[in-house]
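Peer 1: Just dropping this structure here.
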Amino acid sequence: MIINDFLYEEIFQYLPLGLFVLDSKCNVIFWNEWMVEKTKIKKEHAIGKTIGNLFPSMKHERFNNAVEQIQTVASPQVLSQTLNHYIIPIPSNIYEKIDYMQQHVEVFPLKSKLGWLALVVIQDVTDNVHQKNTMMQMASKLEEESYHDALTAIYNRRFLWEYLEQQIAQAKRGNYSICCCMFDLDYFKKANDDFGHSAGDQILTSFVNLINGTVRSSDVFVRYGGEEFLLIMPHTDITDGSKLANKIRVLWEEKIHANFIGYKSTCSAGLSLWKPKNPVSSQELVDLADKALYKAKEKGRNCVVF
Amino acid sequence: MKKKILVVDDSATARALFKMCMSGNLDYQLFETNDPQEALKIALAEKPFLIILDYNMPVMEGPKIAKMMIDNGVQSKFVLMSANTQYSVIEEINNEGFVGILEKPISAETVQSLLEKLQ
Amino acid sequence: MISLTTIQEDALIEICNVGMSKAAKQLSILLNSHINIHIPKISLLDMQHFIQNNIFSSIETLSYVYQTISEDLLGRAILMFHRAQATLLTQSVIGITPKLTEKEAKACEQEAVLEIGNIMITSCMSAIVNMISLHIKLDTPHYNEHRLIEVIESQVKDVEKYSQEIILIETRLESAGKFISGSLLLMLTKSSIDNLLSGINNLLKV
């Protein structure tokens, strides 16, 4: 069976995509059934008008520029949902927080005797956007409510403060000390730049696994920031705390990362001590560790300071 | 007495393009250079009514050259000739007292209408 | 070895300066963003030279968008950024969104960078051809991520189908604050460069 013009026309009309064609003066010369159904604008009404005429409230800038590029350099144009949300304003009431149909739009050059025509293709991506928004909301909420870091599964900052308050209260009653150590992975941002974000995630996970395998069951390990970690060691003085911190530092330095050529993993660490004779607050304890960490960085990194 | 115009742009092509846009116009005498210090010398010696500056130049940017000239007593009008006409640039040249902008690519028409505006 | 006179180099650099500035301006208008892009350097290079002298290290991954050029000019236009900056670029345009998963965030960034690359390449090329009355056609934009050497090798392989003699015009761009820096590379055949130059010559004759 030969596909003739009539069949092509039928295909064009019934594709589940918005399809319309603009001539060199930006007037509509073709308008498919999808466009009629979604915009409620009949074909006879659309033909001969510009998109600006048909949708006066629409922000034209990006779309007009795209059509211009078709006419001058016959360059296909991508108008993504990520940057534009939608081009043709089509109200949508399916999802609560989405007022207009979300669209992925592409414009293609078509050759004609009078120059380049613009074929505009509109994809409805509202469902995908809704799903993405919902999942982002859920992920945010989970992160806020939980005590665990999403990536590494160890405790997060929210947990830290509650836990530390309790520990200090217990240490007061029990008359013992708590050693606090802040670790920071050296040149982490550079590794991220050189090897990409997923590499960065792998490095963090690797560090966490190393620490989990090294610390005692009474120690608590928390992800404090992007590449910062806190180790809380109850019943520990500064000497023993620094020994443990140094053990971790050396193990991390010796670790081989086969996937990341040229990456030398090191970390810096700063220690602080809570003791009954010098009962600082939880915030102060962490701040002191932070200051010690800063000194470690100043000393050239890959060292432990207290 | 012909009116004088000084064009300062590090691109020989850009200066040639400007000259070409002025080629029908016999009312003006044109000077050109790519060097800020030489531009200052010419400005002080010839006292052109108009100095046209490019924005992006290796030694010193256009607005800074204008400021340097004004500090040295040059009293000409300044116009920026540039393809870089983002908002921040326009704001910067307004602050430095430029009287207009010639957007690249220039044409005989845009140059003509600028000169008419400045009469 | 391809060599151009100083005047010829000057002409090509000026025309790319205009093209790229227009592209930068178009980007900031269209995306309503506050990226103020300026152009610190434009150079004409051959392959070896470019590989040794550019802003990207040999091991890092780059995000890049490319389109093939045909008709009066033959070659490729490639816009390249440091991979990490693809994230920054996207965020500065659409704002910081809570990171979902690595995959979702990546998909968003890819879409955004593809469009940004598309806008810059087409604005730049259309400004250039409008100036000198040439006719060109660009094909669909493509996005990918590779290390520099792989980018160059794959791109050159495609352009070499037209001609062995290839010239690179590199335009560096930077955002205010220098947190985004990239390169637009025009990889053109020698005859394309000749077409560009005669177009510019015609401009200068009344």
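The values are calculated or read from the model by the stated rules, or taken from the named source; none is laboratory data. Note that the structure is predicted; figures quoted are calculated from it, not measured. Cβ atoms come from the backbone with ideal geometry, glycine included; neighbour counts cover every protein chain shown. Just so you know, the surface numbers come from the protein's heavy atoms only, side chains and all, with ligands and any DNA or RNA stripped out. Shrake-Rupley method; radii C 1.70, N 1.55, O 1.52, S 1.80 Å.
Peer 1: State yes or no: is A:A191 open to solvent by less than 20 Å² (accessible area, probe 1.4 Å) and more than 30 Å from A:D240 (Cα to Cα)?
Peer 2: Taking the combined requirement at face value, the residue satisfies it.
Quick grid of which residues meet (1) at pLDDT 85 or above; (2) more than 9 Å from every other protein chain (Cβ to nearest Cβ); (3) over 19 Å from A:L79 (Cα atoms):
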| site | (1), (2), (3) |
| --- | --- |
| C:R76 | yes, yes, yes |
| C:F81 | yes, yes, yes |
| C:T87 | no, no, no |
| C:T90 | no, no, no |
| C:P98 | no, no, yes |
| C:C124 | yes, yes, no |
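Each row is one residue, and each column tells you yes or no for (1) under 16 Å from A:C179 (Cα atoms); (2) touching a helix residue (DSSP H, G or I) at 6+ places or on another chain (Cβ under 8 Å); (3) polar (S, T, N, Q); (4) open to solvent by less than 70 Å² (accessible area, probe 1.4 Å).
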position: A:F207; (1), (2), (3), (4): no, yes, no, yes
position: A:F221; (1), (2), (3), (4): yes, yes, no, yes
position: A:F229; (1), (2), (3), (4): yes, yes, no, yes
position: A:I248; (1), (2), (3), (4): yes, yes, no, yes
position: A:G262; (1), (2), (3), (4): no, yes, no, no
position: A:A289; (1), (2), (3), (4): yes, no, no, yes
position: A:K295; (1), (2), (3), (4): no, no, no, no
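Peer 1: When you go through (1) assigned to a helix (DSSP H, G or I); (2) open to solvent by 70 Å² or more (accessible area, probe 1.4 Å) one by one for B:V59, which number turns out not to apply?
Peer 2: The one condition B:V59 does not meet is (1).
Peer 1: Please work out if B:I51 is part of a helix (DSSP H, G or I) and either in contact (Cβ under 8 Å) with a residue 24 or more places away in the chain or open to solvent by less than 20 Å² (accessible area, probe 1.4 Å) (or both).
Peer 2: no
Peer 1: Answer with yes or no whether A:N128 is touching a residue at least 60 places away in the same chain (Cβ under 8 Å), surrounded by fewer than 20 Cβ atoms within 10 Å (Cβ to Cβ) and not small (G, A, S).
Peer 2: Against the criterion (touching a residue at least 60 places away in the same chain (Cβ under 8 Å), surrounded by fewer than 20 Cβ atoms within 10 Å (Cβ to Cβ) and not small (G, A, S)), A:N128 does not qualify.
Peer 1: Considering each residue of the stretch B:11-33, count those that are within 14 Å of another protein chain (Cβ to nearest Cβ) and closer than 17 Å to B:F78 by Cβ, and give that number.
Peer 2: Going through the stretch B:11-33 one residue at a time, the tally reaches 4.
Peer 1: So C:E115 ticks every box in (1) within 22 Å of C:I59 (Cα to Cα); (2) part of a helix (DSSP H, G or I); (3) at pLDDT 90 or above but one. Which box is left unticked?
Peer 2: (1)
Peer 1: Select from the stretch A:166-184 the residues that are of a type in the set (A, V, I, L, M, F, W, C) and surrounded by fewer than 22 Cβ atoms within 10 Å (Cβ to Cβ) and write down the one among them that is nearest to A:G226 (Cα to Cα).
Peer 2: Here the answer is A:I168.
Peer 1: Kindly indicate whether A:F6 is out of contact with any helix residue (DSSP H, G or I) (no Cβ under 6 Å at 6 or more places or on another chain), open to solvent by 60 Å² or more (accessible area, probe 1.4 Å) and of a type in the set (F, W, Y).
Peer 2: On the way: out of contact with any helix residue (DSSP H, G or I) (no Cβ under 6 Å at 6 or more places or on another chain): yes; open to solvent by 60 Å² or more (accessible area, probe 1.4 Å): yes; of a type in the set (F, W, Y): yes.
Criteria met by A:F6.
Peer 1: Restricting attention to the stretch B:102-119, which residues are open to solvent by 60 Å² or more (accessible area, probe 1.4 Å) and assigned to a strand (DSSP E or B)?
Peer 2: Of everything in the stretch B:102-119, just one residue is open to solvent by 60 Å² or more (accessible area, probe 1.4 Å) and assigned to a strand (DSSP E or B), namely B:E103.
Peer 1: Would you check if there is a residue in the stretch B:84-101 being among the hydrophobic types (A, V, I, L, M, F, W, C), assigned to a helix (DSSP H, G or I), within 10 Å of another protein chain (Cβ to nearest Cβ) and surrounded by 15 or more Cβ atoms within 10 Å (Cβ to Cβ)?
Peer 2: Within the stretch B:84-101, one or more residues are among the hydrophobic types (A, V, I, L, M, F, W, C), assigned to a helix (DSSP H, G or I), within 10 Å of another protein chain (Cβ to nearest Cβ) and surrounded by 15 or more Cβ atoms within 10 Å (Cβ to Cβ).
Peer 1: Right, next: Given the stretch C:139-206, what strands (runs of 3 or more DSSP E) lie entirely inside it while holding 3 or more residues that are of a type outside the set (D, E) and within 14 Å of chain A (Cβ to nearest Cβ)? Give the steps one after another, and end with the answer.
Peer 2: Working: elements: C:142-147, C:166-175, C:181-189.
By residue number, C:142-147, C:181-189.
Peer 1: In the stretch C:50-68, which residue that is among the aromatic types (F, W, Y) and in a strand (DSSP E or B) is nearest to C:I149 (Cα to Cα)?
Peer 2: Of everything passing the filter in the stretch C:50-68, C:Y64 is nearest to C:I149 (Cα to Cα).
Peer 1: A:L19 - would you say it is over 25 Å from C:S28 (Cα atoms), at pLDDT 95 or above and in contact with a Pro (Cβ under 8 Å, 6 or more places away or on another chain)?
Peer 2: No; evaluated as a whole, the condition is false for this residue.
Peer 1: Still on this structure, please answer the following. Take the conditions touching a strand residue (DSSP E or B) at 6+ places or on another chain (Cβ under 6 Å), within 14 Å of chain C (Cβ to nearest Cβ), of a type outside the set (A, V, I, L, M, F, W, C) and open to solvent by 10 Å² or more (accessible area, probe 1.4 Å) and apply them to A:P109. Does it pass?
Peer 2: Details: touching a strand residue (DSSP E or B) at 6+ places or on another chain (Cβ under 6 Å): yes; within 14 Å of chain C (Cβ to nearest Cβ): yes; of a type outside the set (A, V, I, L, M, F, W, C): yes; open to solvent by 10 Å² or more (accessible area, probe 1.4 Å): yes.
So A:P109 passes the test.
Peer 1: Scan the stretch A:132-161 residue by residue and report those that are surrounded by 12 or more Cβ atoms within 10 Å (Cβ to Cβ) and of a type in the set (D, E, K, R).
Peer 2: If the condition is that a residue be surrounded by 12 or more Cβ atoms within 10 Å (Cβ to Cβ) and of a type in the set (D, E, K, R), then A:K132, A:E143, A:D149, A:R157, A:R158 are the ones that fit.
Peer 1: Shifting gears a bit: Only one of these is more than 26 Å from the chain's Cα centre (by Cα) and either within 14 Å of another protein chain (Cβ to nearest Cβ) or among the basic types (K, R) (or both): A:R158, A:R173. Name it.
Peer 2: On the way: A:R158 fails: more than 26 Å from the chain's Cα centre (by Cα).
After applying the criteria, what remains is A:R173.
Peer 1: Can you tell me which residue in the stretch A:87-99 is nearest to A:V36 (Cα to Cα), limited to those that are open to solvent by 60 Å² or more (accessible area, probe 1.4 Å) and of a type outside the set (K, R)? Don't jump to the end; show me each part of the working.
Peer 2: Of all residues in the stretch A:87-99, those open to solvent by 60 Å² or more (accessible area, probe 1.4 Å) come to A:91, A:93-94, A:96-97, A:99.
Those still in the list that are of a type outside the set (K, R) too: A:91, A:93-94, A:96, A:99.
On the way: A:P91: 14, A:N93: 18, A:I94: 19, A:E96: 24, A:D99: 19 Å.
The qualifying residue nearest to A:V36 (Cα to Cα) is A:P91.
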